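Chemist: Below: one structure in structure tokens.
The values are calculated or read from the model by the stated rules, or taken from the named source; none is laboratory data. Keep in mind that what you see is a predicted model, and the values were worked out from it rather than measured. Here the Cβ is made from the backbone with ideal geometry for all residues, glycine too, and neighbour counts use every protein chain on show.
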Amino acid sequence: MKLNIFQLELLPYNKEFEVPYKSIVFGNVIGKGAFGQVRIARAKKIVPWEDETIVAVKKLHNTLGGGTFMNLYLFLNFVILIKKIGT
């Protein structure tokens with residue numbers, strides 16, 4: 001099931017969380033589950049005081065089944081919570 005444009009507008013998305021794909025150097029898989037996999041990576045220039053930052057990147061599967069919208073919604077809310085904890 002693909003998300004449609006109307007569903008995407010309902011997601012708690014903030015462009016501030018985006019990191020350009022070309023600025024990420026992916027490393028090994030450090031975890032995987034029902035939604036996708038987590039890789040360790042190095043991200044360039046995502047914080048002003050570091051040239052490179054070690055990060056964990058969650059890459060979601062292309063298809064998540066019938067609960068795609070709710071899964072993505074919950075995941076983005078989790079990201080927002082973690083962002084608040086880190087500030």
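Chemist: Between residues in the range 48-73 that are of a type in the set (Gly, Ala, Ser) and residues that are modelled with pLDDT under 75 and surrounded by 15 or more Cβ atoms within 10 Å (Cβ to Cβ), which pairs lie under 9 Å by C-beta distance while being six or more apart or on different chains?
Modeler: 65/71
Chemist: Taking the conditions exactly as written (loosely packed, with under 14 Cβ neighbours inside 10 Å, modelled with pLDDT of 75 or more and in contact with a helix residue (DSSP H, G or I) (Cβ under 9 Å, 6 or more places away or on another chain)), does residue 45 satisfy them or not?
Modeler: yes
Chemist: Just one of (1) over 12 Å from the mean Cα position of the chain (by Cα); (2) outside any loop (DSSP other than H, G, I, E, B); (3) aliphatic (A, V, I, L, M); (4) modelled with pLDDT under 90 trips up residue 3, so point out which.
Modeler: (2)
Chemist: Among the residues of the range 18-30, write down those that are surrounded by 11 or more Cβ atoms within 10 Å (Cβ to Cβ) and within 14 Å of the chain's Cα centre (by Cα).
Modeler: Selection gives 19, 24, 26.
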